[in-house]
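Asker: Just dropping this structure here.
The values are calculated or read from the model by the stated rules, or taken from the named source; none is laboratory data. Source: prediction; values computed, not measured. FYI the Cβ positions are ideal-geometry reconstructions off the backbone, even for glycines, and counts take in every protein chain you see. The accessibility values were calculated without ligands, DNA or RNA, using every heavy atom of the protein model including side chains. Shrake-Rupley method; radii C 1.70, N 1.55, O 1.52, S 1.80 Å.
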Amino acid sequence: MSSQQAGPVPATFARALAALSADAPPPSIAIAYSGGLDSSALLHLAHAWAQQHGIALFAYHVHHGISPNADAWLAHCASAATALGIGFAARRVTLEKGKSGIEAAARKLRYAALGAMCREHGVRLMLTAHHLDDQAETVLLQLLRGSGTAGLSGMDAANAAPDLLVNPELVMARPLLPVARGELEAYVRENAIAYVDDESNIDPRYARNALRHKVMPALAQAFPGFQERFARSAAHAQSAQRLLTELATQDLASCLAGECIDVAKLRAMSVDRAYNMLRYWFGTRALRMPSTAWLSEMVTQLVEARSDAQLLVTHPDCHVRRHRDRLYLTPKLAELAGTRDEDDDVNTPGQLFRWQGEAQIAFPAYGGVLHFDEAGQGLDPAWLREQALQIDFRKGGERLKPAPNRPTRSLKYHYQACDVPAWERERLPIVSAGKALLFAAGIGMDCHHTSAGPGARISLRWQALAA
């Protein structure tokens with residue numbers, strides 16, 4: 001047996017891959033290959049395992065272009081993979097520093113590129129070289145950020161990350177997570193594996209490097225073997241998080257009213273349980289996790305205010321609103337050109353138009369499309385063609401009679417009867433012919449100008465454009 005196949009590191013790797021392929025061996029696997037020590041060890045381990053099991057192996061490299069040595073690293077990775085007969089692909093990305101810094105921006109681009117290369121080659125299992133020391137650093141970083149159990153859980157042995165990888169079919173696994181970096185260094189040394197050094201790994205401006213080179217050595221000296229204990233704590237946090245998620249799933253199911261949260265049921269919960277459920281709700285909607293301070297303020301405003309209050313709390317990704325004792329998550333919508341400030345002249349007309357028999361007319365300034373559907377009951381098409389029509393948002397005081405046997409009421413009354421939230425009413429246009437209201441989106445047609453056959457009639461219908 002070769003040195004690459006013997007010893008604790010290959011054995012740990014083999015056990016991890018056996019668990020990942022317990023149901024059915026994958027037809028192919030890929031590794032994220034930077035060319036550094038850790039991923040170079042992973043390359044050789046994966047190569048030996050893939051050869052033994054007759055599985056296709058790919059190595060994927062992401063060229064960030066940050067370092068002046070990036071081209072040399074790419075060449076090294078291509079050469080090393082080719083020498084082992086491993087399929088190689090690379091992707092160049094352009095890094096733009098975002099609000100969260102270069103590290104976060106590079107990570108986002110890197111994983112999206114890796115996910116794209118896996119998708120192009122039909123690979124559904126990708127391995128990364130994260131190890132025990134990485135796990136300890138992750139847990140400590142999350143602790144320093146004040147994270148809860150989800151953050152303190154550290155990295156999973158395997159997980160899907162469709163938002164990060166932009167590939168819902170891909171599983172990302174970390175078969176070296178139980179292996180200490182010192183063991184990987186010994187493995188690389190014993191097998192004479194060539195690798196590259198990334199100079200950014202010693203830059204103390206990056207938080208992880210500061211921990212790695214300043215804090216971790218001090219911890220190792222004072223508390224030998226602390227990495228394993230951090231990993232055990234992460235496992236305990238993972239167990240606790242699974243229980244919290246299970247509870248949140250049950251609580252959310254009991255509190256949901258369609259797509260909304262029943263505020264009365266939320267009020268009956270303890271604060272901790274309510275926060276747990278709300279965080280889970282945000283997660284199911286792929287929204288960034290709110291801080292504890294923000295969550296507390298949201299609950300105070302939206303849950304404890306009087307029942308008839310129309311409240312809004314702004315989240316970075318959405319709006320949180322309350323209507324009739326229900327909590328809604330609504331998208332942040334762009335302002336429409338057809339809207340007006342309160343100081344504008346209320347007599348200013350909306351957009352004038354004429355109908356010439358079209359099935360639909362788009363009104364981008366009002367955020368949607370007006371459909372002209374053939375119906376048994378509706379407007380006479382010949383009469384409609386003759387009218388100078390106008391689309392606008394309501395200004396107040398408009399009234400509509402939906403049917404001959406129903407009274408004429410204000411649009412506000414109809415919206416309340418139809419349970420249309422106030423923030424939706426602001427983006428629902430009306431259509432008029434002169435001073436006669438013909439149609440109000442969200443309510444329907446005014447019956448004063450509608451009739452039944454002979455011949456088809458025209459019924460108006462509004463379709464809002466997707467946010």
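Asker: Quick one: divide the alpha-carbon radius of gyration of the stretch 256-339 by 2.2 N^0.38 Å and tell me what you get.
Answerer: Numbers: Rg = 12.9 Å, N = 84, 2.2 N^0.38 = 11.8 Å.
Cα-based Rg divided by the globular estimate yields 1.09.
Asker: On to the next question. Of the listed peptides 192-200, 43-51, what is their order by residue-averaged count of other C-beta atoms within 10 Å, with the highest listed first?
Answerer: On the way: 192-200: 14.3, 43-51: 21.2.
Put in order of decreasing packing, that is 43-51, 192-200.
Asker: Find how much the distance from Ser270 to Ser410 grows on full extension, using 0.36 nm per residue of separation minus their present alpha carbon separation; answer in nm with one decimal. Please report the intermediate quantities before stating the final value.
Answerer: On the way: separation 140, 0.36 × 140 = 50.40 nm, distance 4.14 nm.
Result: 46.3 nm gained on full extension.
Asker: Find the relative contact order for the chain and round it to a whole percent, using C-alpha pairs within less than 8 Å whose residues are 6+ positions apart. If you can, show how the numbers build up before the last one.
Answerer: Values: 692 pairs, mean separation 47.4, N = 467.
Normalised by residue count, the contact order of the chain is 10 percent.
Asker: At 0.36 nm per residue, and after removing the present C-alpha to C-alpha distance, how many nm does the segment from Glu297 to Glu169 gain when stretched out fully?
Answerer: Numbers: separation 128, 0.36 × 128 = 46.08 nm, distance 3.73 nm.
Computed gain between Glu297 and Glu169 is 42.3 nm.
Asker: In nm, to one decimal, how far is the modelled label at Thr94 from the one at His236, with both set 7 Å along Cα→Cβ?
Answerer: That separation, rounded to one decimal, is 4.9 nm.
Asker: Once you place label points 7 Å from the Cα toward the Cβ at Lys435 and Glu259, how far apart are they in nm?
Answerer: If labels sit at Lys435 and Glu259, their model points lie 3.9 nm apart.
Asker: Given R₀ = 35 Å, FRET efficiency for His121-Asp203 by Cβ-Cβ distance, to 0.05? Display every interim value, and only then the final one.
Answerer: Working: r = 33 Å, r/R0 = 0.94.
Taking R0 as 35 Å, the efficiency between His121 and Asp203 is 0.60.
Asker: In whole percent, what relative contact order does the stretch 138-288 give with Cα contacts below 8 Å and a gap of six or more residues?
Answerer: Working: 91 pairs, mean separation 31.7, N = 151.
About 21 percent, as a whole number.
Asker: Expected output is a single nm value to one decimal: the length gained when fully extending between Lys332 and His371, i.e. 0.36 nm times separation in residues minus the C-alpha distance. What is it?
Answerer: Details: separation 39, 0.36 × 39 = 14.04 nm, distance 2.52 nm.
Here the segment from Lys332 to His371 would lengthen by 11.5 nm.
Asker: Over the chain, give the accessible area per residue in Å² for a 1.4 Å probe, as an integer. Spell out each step's value before the answer.
Answerer: Values: 24500 Å² over 467 residues.
Averaged over the residues of the chain, the accessible area is 52 Å².
Asker: Now, a different point. Against the longest principal axis of the chain, how steep is helix 181-190, in degrees 0 to 90 to the nearest 10, with axes from Cα atoms?
Answerer: For 181-190 against the chain, the angle is about 50 degrees.
Asker: Still on this structure, I have one more. Cβ neighbours within 10 Å, averaged per peptide: list 149-155, 248-254 in order, most packed at the top.
Answerer: Ranking, from highest mean packing down: 149-155, 248-254.
Asker: Have a look at the DSSP beta bridges in the chain and tell me what percent are antiparallel, nearest 5.
Answerer: On the way: 49 of 65 bridges.
Bridges in the chain are about 75 percent antiparallel.
Asker: For the chain, what does the helix formula give at 222 nm: sum of -39500 (n - 2.57) over DSSP H segments with n ≥ 4, over the residue count, nearest 500 deg cm²/dmol? Don't skip to the end; give the middle numbers.
Answerer: Working: 17 runs with 184 residues, N = 467.
Roughly -12000 deg cm²/dmol at 222 nm, from the helical runs in the chain.
Asker: For the chain, what is the Kirkwood estimate of the hydrodynamic radius, computed as the reciprocal of the mean inverse distance between distinct Cα atoms, to one decimal in Å? Intermediate values should be presented prior to the final figure.
Answerer: Numbers: mean 1/r = 0.0367 Å⁻¹.
The answer is 27.3 Å.
Asker: Here's something else I'd like to know. Given points 7 Å out from each Cα along the Cα-Cβ axis, report the Arg229 to Arg461 separation in nanometres with one decimal.
Answerer: For Arg229 paired with Arg461, the spin-label model returns 6.7 nm.
Asker: Classify the stretch 112-239 from the C-alpha gyration tensor, please: rounded if a/c falls under 1.5, else prolate or oblate depending on whether a/b exceeds b/c.
Answerer: On the way: a/c = 1.71, a/b = 1.25, b/c = 1.37.
Oblate.
Asker: Let me ask something else. Working from Cα positions, state the angle (0 to 90°, nearest 10) between the long axis of helix 37-53 and the longest principal axis of the chain.
Answerer: 90
Asker: Based on the inverse mean of 1/r over its pairs of different Cα atoms, what is the Kirkwood hydrodynamic radius of the stretch 350-467, in Å? Don't skip to the end; give the middle numbers.
Answerer: Working: mean 1/r = 0.0689 Å⁻¹.
Evaluated on the stretch 350-467, it is 14.5 Å.
Asker: May I pose another question? To the nearest Å, what is the center-to-center distance of the stretch 217-247 and the stretch 272-289, using C-alpha atoms only?
Answerer: 23
Asker: By its C-alpha gyration tensor, with a ≥ b ≥ c as the square roots of the eigenvalues, how is the stretch 214-316 shaped: rounded for a/c under 1.5, else prolate for a/b larger than b/c, else oblate? Intermediate results must be reported in sequence, preceding the final value.
Answerer: Working: a/c = 3.25, a/b = 2.23, b/c = 1.46.
Here the stretch 214-316 falls in the prolate category.
Asker: Here is a follow-up. Going by alpha carbons, how many degrees (0 to 90, nearest 10) lie between the helix axis of 102-120 and the longest principal axis of the chain?
Answerer: Once rounded, one gets 90 degrees.
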